[in-house]
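A short write-up of the structure that comes next.
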Amino acid sequence: MEALIIGEDTAWPIPALLARAGFAVDALMTTPAIQNSRFVRNVHITSGTRLPDQADQLIRTRGKPYDLTVASEDFTLWRIAEWERHRGRVSHCLPLVPGADRRVIHSKIGLSHALTDAGVPTPPFALAQDWEGAQRAARRLGYPVLLKKDCSEGGRGTFLCRNDEDVLRNRARFTETLLVQKYITGDEIDLSAIFLQGDLVHFSYSRFEKRISTFGPSSVRSFLPSNAAPRHVFQTLSTIGRALGIHGLTNITAIAPADGSDFQYFEVDLRPNVWADHSRYLGEDAAERIAAWYKERRVLAPAADAQATAYKPVRLANIARLSLLEIALNRHQARRHWRDPDAKLLHSILLGKAVNFFAPLGRLCVPLNMRPGVRRHLIAARLLPH
C-alpha cells in the first residue's frame, strides 16, 4: 500500500501512523521539515501555488493513483478542488471516492447543506449577505448565534453575537456571504474519524479542555475510548462517511448539548489534525484498524457491552499546541510525548516554534553581517526553505 501526504504543514503525526498501518509514505510539501521524518520514503518540495500541478504530475508519472491521499491542511484541499474545477477533471488527490460531492471542501456553507441533506443533526443555520439580513436570520434562529466566514480555519472568522448590537458591530465582516449558525450551549466533542471507501474504520472520542484562543484549536483534551461514546455516534459517523464519500482522515467536531439531546455536528474537515494518533494512549490504535480494513474490510462497531462499562477520562495534552513555557515547566505532562515515534520531525516543529518566538529578539540582537550565516544554519536544520 502507498500513501501520499500533500500540503504546507508538517503533517505530524501522520507519517508514523500510516507507516504503522503498512503504507509506504511519500510527501509533496512546501515545508522542508518533513524531511526530518524517518517514515517518509520520498520527499518532494515545491511551492504552494504549484502543489496541485506537481501532485497531478507525480501521479501521472506513477501511472496509478495512491491508495490513500492526505491533505495536511484546509487550504491545500481548497487549492486542489479549485484546480479540478478549472481543469475539468479529477486529480486523484482528494480524500474522496469517485463522484463524491466537492461542495464540502473548505466550505462551512457547503458542509451545512450536505449534513442537512444527509439527515445528520447540525445546528440550525441561515445565510446572510449583509448585517441586516444577519439580524433577521438571528432573530428567526434565536440568539445567541455565530457568524462564520465560509472558508476559514483555526477559529478565525467566527464571531459570537448575543443580540442585534453584536451583529451591527460585525457589519464590516460582510464582504462575502456569511453563515449564521445557532449557538448551542454544551461541551465541544472531537470525533475525528478515519473512513475508507465511506466505511467507518476508526474514531477518537475527546472533550476540549483548553484552547489556544476562544474558537481556536485545543491544546488539552480529555479522552475516552470510542466505546464510551453514545451508540448514535457510531450510526451518525457511518452516515457521514457514506453520504460524503470520504476515503481518508478527517477532523470532525460536534456539540453535546447541555439538555442531553443528540450531538450536533458542525465541522467535518477532510484532513487530519495533530490529535490523529492520540487514541493509541488508550489502547485504540488507528493504524491497526486501517490495516484490518485493507486486510478483511473490517468496519468499526460498538461493543455489545460498551454502555455497561464505566470509563475514566484520560487527560492528554498535545505538545505541538503548548506554549514554550508550558513545555519547559512540563505542564500537562508535556514531555511524556518527547519520545514520539517520529521524534526528529516533532523536535523540528518545536524548534521552529522557538525560532518564531525568538525571531523579534534575534532581529534586534544579531548583527546584519551575521544574519546570512544564521539563515544558512536554519536552512541546514530544515527549519527554513531554500
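Taken together, the values in this text are just the output of simple stated rules run on the coordinates, not laboratory data. Worth saying up front: this structure is predicted, and the values here are computed from it rather than measured. Cβ atoms come from the backbone with ideal geometry, glycine included; neighbour counts cover every protein chain shown.
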Relative pair counts by distance (%), Cα atoms of segment 260-354, 10 Å bins: 11, 32, 34, 20, 3
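Just to confirm the filter: which trypsin sites (Lys or Arg not before Pro) across segment 20-54 are DSSP coil and have at most 14 other Cβ within 10 angstrom of their Cβ?
Hits after loop and neighbour filter: 38.
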Euclidean distance between Cα centres, segment 1-33 to segment 197-215, Å: 20 Å
Distance from segment 111-170 to segment 177-194 (C-alpha centre basis), Å: 11 Å
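For a quick check: sort 299, 40, 90, 220 by the number of other beta carbons within 10 angstrom, fewest at the front. Don't jump to the answer; show the numbers that get you there.
Numbers: 299 17, 40 24, 90 14, 220 20.
By the 10 Å Cβ count, ascending, the order reads 90, 299, 220, 40.
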Amide hydrogen neighbours beyond the local backbone of residue 202, cut-off 5 Å, H modeled: 194
Extension gain from residue 343 to residue 67, taking 0.36 nm per residue of separation minus the Cα-Cα distance: 96.8 nm
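So what is the diffusion coefficient of the chain in µm² per second by Stokes-Einstein at 37 °C and 0.692 mPa s, using a Kirkwood Rh over Cα pairs? Present the calculation step by step, with values, prior to reporting the outcome.
Numbers: Rh = 22.2 Å.
Value of D from the Cα-based Kirkwood radius: 148 µm²/s.
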Residue-averaged [θ]222 nm for the chain, counting only DSSP H segments that reach four residues, each worth -39500 (n - 2.57): -10000 deg cm²/dmol
Set 64/344; 108/210; 148/344; 149/312; 149/182 screened for pairs whose C-alpha atoms are more than 26 Å apart: 64/344; 148/344; 149/312
Reachable aspartates and glutamates, given that their alpha-carbon falls under 14 Å from the alpha-carbon of residue 353 and they are not under 8 places away in the same chain: 9, 326
For segment 3-135, alpha-carbon Rg over 2.2 N^0.38 Å: 1.22
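Counting other Cβ atoms within 10 Å of each Cβ, which trypsin sites (Lys or Arg not before Pro) in segment 90-160 have at most 16 and sit in a DSSP loop? Before the final figure, lay out the partial values.
Working: sites: 102, 103, 108, 136, 139, 140, 148, 149, 156; in loops: 156.
Counting only loop positions with at most 16 other Cβ atoms within 10 Å, the trypsin sites (Lys or Arg not before Pro) in segment 90-160 are 156.
Can you list which of the GluC sites (Glu not before Pro) found in segment 115-184 are DSSP loop residues with at most 11 other C-beta atoms within 10 Å?
Numbers: sites: 132, 153, 165, 176; in loops: 153, 176.
When the GluC sites (Glu not before Pro) of segment 115-184 are filtered for loop state and at most 11 Cβ neighbours within 10 Å, 176 remain.
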